[in-house]
Amino acid sequence: MTVSREIDDILQRGADGGRITPEEALLLYTEAPFHALGEAADAVRRRRYPDNIVTYLIDRNINYTNVCVTACKFCAFYRAPKHSEGWTHPTEEILRRCGEAVELGATQVMLQGGHHPDYGVEYYEELFSSVKQAYPQLVIHSIGPSEILHMAKVSGVSLDEAIARIKAAGLDSIAGAGAEMLPARPRRAIAPLKESGERWLEVMELAHRQGVESTATMMMGTGETHAERIEHLRMIRDVQDRTRGFRSFIPWTYQPENNHLKGRTQATTLEYLRLVAVARLFFETVPHLQASWLTTGKDVGQLSLHMGVDDLGSIMLEENVISSAGARHRSNLQELIGMIRSADRIPAQRDTLYNRLAVHHTPADDPTDERVVSHFSSIALPGGGAGRSLPLVDVN
């Protein structure tokens, strides 16, 4: 028992799979004892996944352009139109990078970029269909609601038509990109030119109704309040109640380098871990919870496995957006598997839909490809690193 019977009751209900209200979630986030909170969240994980398996993914984040008209204050990746450092990769370069990813065992690519003023639905149709034709085995888990809104505006078509066309061209799943903070006040503060949180969710709901599932994300640490963090969760859960289209929730922390926010605020490790645990208790209808070791560090990523997390994310063979804002955490396949195993969990490689491709019951089952390392960041190279092959990176 904790000092508060009310908190005890909420934790027990959440651990048993019952629904907790946003007000109760806020109380847990701010007042629940840390260990009791983590224990309740992990009880949810154990009930959902009694085989004790924690999954990971091999993928590559390929950026097609860094030209963007949105100018989000936290972003260090974008360049304004006509900027001397702006670039767009031709389809041939994107396909080359897809080929490298396939060779290293990737099952998914994330094709993401800025809101280029000239790129409408037609551009994405050509991009997705080209990737699917060349590499039909790759799942295209890509773009986000912001890009869909932008392409529909450029092409002068409805959101429903834009989604239907890019789905037909090969888009398999929508990334949670662009969520950042969904409540109005913090969203206006960090991304005043972006769509509202309600509009972001509207696109997701339309996509879910067309059979295109997605992930949901959250960026912590740009000055939002505790209540606004919980409101972000509430907004996502309301859509999930109607569609069941979010496969997983992925909270991550703001990175402070090379952007207009200049690191004025950041989330602490404790704030992050508490949010992870509350999310597992709050999202009884979202199947999976993923840790972001890329932004928080491998030690915090491993700790999150004791706070309800069942997925440690990806060995991302290339990543530029968060890296350009200061994320320096790298890993390799053996180390990621070791992080899972040393947390007393069983590692398993998954695909985008969380189908398990290989379960590593013992170390003898572990893959041994030393080339699978995260991550090559090409953003610092002229032209976005066009023509550069994936290097062998020393994780240390």
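The values are calculated or read from the model by the stated rules, or taken from the named source; none is laboratory data. Note that the structure is predicted; figures quoted are calculated from it, not measured. For neighbour counting, all protein chains shown are included, and Cβ atoms are generated from backbone atoms with ideal geometry for every residue, glycine included.
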request  = Return the residue satisfying two criteria in turn: it lies in the stretch 104-151 and is small (Gly, Ala, Ser) and part of a loop (DSSP other than H, G, I, E, B), and of such residues it is farthest from TRP200 (Cα to Cα).
outcome  = GLY105
request  = Go through the stretch 1-19 residue by residue and tally those that are under 30 Å from the mean Cα position of the chain (by Cα) and surrounded by fewer than 18 Cβ atoms within 10 Å (Cβ to Cβ).
outcome  = 6
ask   = Out of the stretch 200-216, which residues are surrounded by 22 or more Cβ atoms within 10 Å (Cβ to Cβ) and either polar (S, T, N, Q) or at pLDDT below 95 (or both)?
value = SER214, THR215
key: Residue identified as surrounded by fewer than 16 Cβ atoms within 10 Å (Cβ to Cβ), touching a residue at least 24 places away in the same chain (Cβ under 8 Å), among the polar types (S, T, N, Q) and under 30 Å from ASP118 (Cα atoms) among THR30, THR91   = THR91
remark   = Of ARG234, ARG229, ARG242, ARG247, the only residue that is within 20 Å of ILE163 (Cβ to Cβ) and touching a helix residue (DSSP H, G or I) at 6+ places or on another chain (Cβ under 7 Å) is ARG242
request  = Kindly establish whether THR55 is modelled with pLDDT of 95 or more, in contact with a Leu (Cβ under 8 Å, 6 or more places away or on another chain) and among the polar types (S, T, N, Q).
outcome  = yes
task = State which residue is farthest from PRO287 (Cα to Cα) when the search covers only the stretch 224-239 and only residues that are touching a residue at least 60 places away in the same chain (Cβ under 8 Å) and touching a strand residue (DSSP E or B) at 6+ places or on another chain (Cβ under 9 Å).
result = ARG229
request  = Filter the stretch 347-365 down to residues that are charged (D, E, K, R) and in contact with a Leu (Cβ under 8 Å, 6 or more places away or on another chain) and give me whichever is surrounded by the fewest Cβ atoms within 10 Å (Cβ to Cβ).
outcome  = ASP351
key: Leading residue by the ranking (modelled with the lowest pLDDT) among those in the stretch 268-295 that are farther than 22 Å from ARG350 by Cα and in contact with a Ser or Thr (Cβ under 8 Å, 6 or more places away or on another chain)   = THR269
Residue that is over 27 Å from ARG60 (Cβ atoms) and either surrounded by 16 or more Cβ atoms within 10 Å (Cβ to Cβ) or of a type in the set (Asp, Glu) (or both), where the choices are PRO183, PRO145, PRO192 = PRO183
note = Exception for GLY197 within (1) crowded, with 20+ Cβ neighbours inside 10 Å; (2) farther than 26 Å from THR243 by Cα falls at (2)
key: From ALA101, ALA162, residue being among the small types (Gly, Ala, Ser), modelled with pLDDT of 95 or more and either surrounded by 20 or more Cβ atoms within 10 Å (Cβ to Cβ) or touching a helix residue (DSSP H, G or I) at 6+ places or on another chain (Cβ under 6 Å) (or both)   = ALA162
task = May I ask you to say which residue of THR30, THR55, THR88, THR21 is in contact with a Phe, Trp or Tyr (Cβ under 7 Å, 6 or more places away or on another chain), hydroxyl-bearing (Ser, Thr, Tyr) and more than 25 Å from ASN332 (Cα to Cα)?
result = THR88
message = Going through LEU171, LEU138 one at a time, which residue ends up being in contact (Cβ under 8 Å) with a residue 12 or more places away in the chain and either surrounded by 24 or more Cβ atoms within 10 Å (Cβ to Cβ) or closer than 22 Å to SER292 by Cα (or both)?
response = LEU171
inquiry  = Among (1) closer than 30 Å to GLY113 by Cβ; (2) under 20 Å from the mean Cα position of the chain (by Cα), there is one condition ARG45 misses while meeting the rest; what is its number?
reply    = (1)
